[in-house]
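What follows is a single structure, written as structure tokens, with notes after it.
Read-outs throughout are calculated quantities, based only on the coordinates presented, and are distinct from any laboratory measurement. This structure is a prediction, so every number in the text was calculated from the model and none was measured. Neighbour counts run over all protein chains shown; Cβ positions are idealised from the backbone, glycine included.
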Amino acid sequence: MTRLHGLPPVIGPQTRLLVLGSFPGVASLRSQRYYGHPQNQFWRLLETLWNQPWGEATYEERLDVVRARGLGIWDVYASCEREGSLDSAIRHATLNDFAWVQSQCPRLQAIAHNGGESFRHARHTQALGLPVYRLPSTSPANASWSFERKLAAWREVLEATGLID
């Protein structure tokens, strides 16, 4: 099985909330874009919460908005072995360096885990001494949660960290 490597963090000096997924899916790795699967609801949630119509915005333009609003994006795993995109298929994973990212983000206030697989590593992020939240996965595999239910959970965390006007 081939070893896969994740994407670099989307962070900056304004980052106040870091959202951690588990590991990019096949579509995201192929496009080198976070939440690249067209049915992943991550970008739609932010569009709704921030009243930020993405329209024809490029991926880089989206990342500029994300950074400016104080949101960081990364994953718990730096690399792993996996066939397909399901978290349950992840094998031999290596964790990212969360202390490093904290050192790069002086305004970091909280960590939010996007989904259960990411949240399995909350003990590592809690060691940073920041509030840690569990968010429902935005993945299309999390079909048991409606968009409205996910929206409410994401709204609560973004409000608590001052990322919603």
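For GLN104 and ALA153, compute 0.36 nm times the residue count separating them, minus their Cα-Cα distance, and round to one decimal in nm. Numbers along the way, then the final one.
Values: separation 49, 0.36 × 49 = 17.64 nm, distance 2.71 nm.
Contour length minus Cα-Cα distance gives 14.9 nm.
Compute the FRET efficiency between LEU95 and LEU130 as 1/(1 + (r/R0)^6), taking r as their Cβ-Cβ distance and R0 = 22 Å, and round to the nearest 0.05. Mind dumping the intermediate values first?
Details: r = 17 Å, r/R0 = 0.76.
After rounding to 0.05, the efficiency reads 0.85.
Residue by residue, what Karplus-based ³J(HN,Hα) values in Hz, rounded to whole numbers, does segment 100-109 have, using 6.51, -1.76 and 1.60 with θ = phi - 60° and x for Gly and Pro?
Per-residue couplings from phi come out as 4, 5, 4, 5, 8, 10, x, 9, 4, 10 Hz.
With a ≥ b ≥ c the root eigenvalues of the C-alpha gyration tensor of segment 119-165, is it rounded (a/c under 1.5), prolate (a/b larger than b/c) or oblate?
Working: a/c = 3.62, a/b = 1.29, b/c = 2.82.
Here segment 119-165 falls in the oblate category.
Could you go through segment 122-133 in sequence order and give the Karplus-derived ³J(HN,Hα) for each residue, using 6.51 cos²θ - 1.76 cosθ + 1.60 with θ = phi - 60°, rounded to whole Hz, and x for Gly and Pro?
The phi angles translate into 4, 4, 6, 7, 4, 5, 6, x, 10, x, 10, 10 Hz.
Restricting to bridges with both residues inside the chain, how much of the DSSP beta-bridge set is antiparallel, in percent to the nearest 5?
Values: 7 of 20 bridges.
Restricted to the chain, the bridges split so that about 35 percent are antiparallel.
Starting from the Cα-Cα distance between SER146 and ILE164, subtract it from 0.36 nm times their residue separation and give me the gain in nm to one decimal.
Extra length available between SER146 and ILE164 comes to 4.4 nm.
Dipole magnitude of segment 3-160 about its Cα centre, charges +1 at Lys/Arg Cβ and -1 at Asp/Glu Cβ only, in debye to the nearest 20? Present the calculation step by step, with values, prior to reporting the outcome.
On the way: 17 positive and 14 negative charges, 50 e Å.
Computed charge dipole of segment 3-160: roughly 240 debye.
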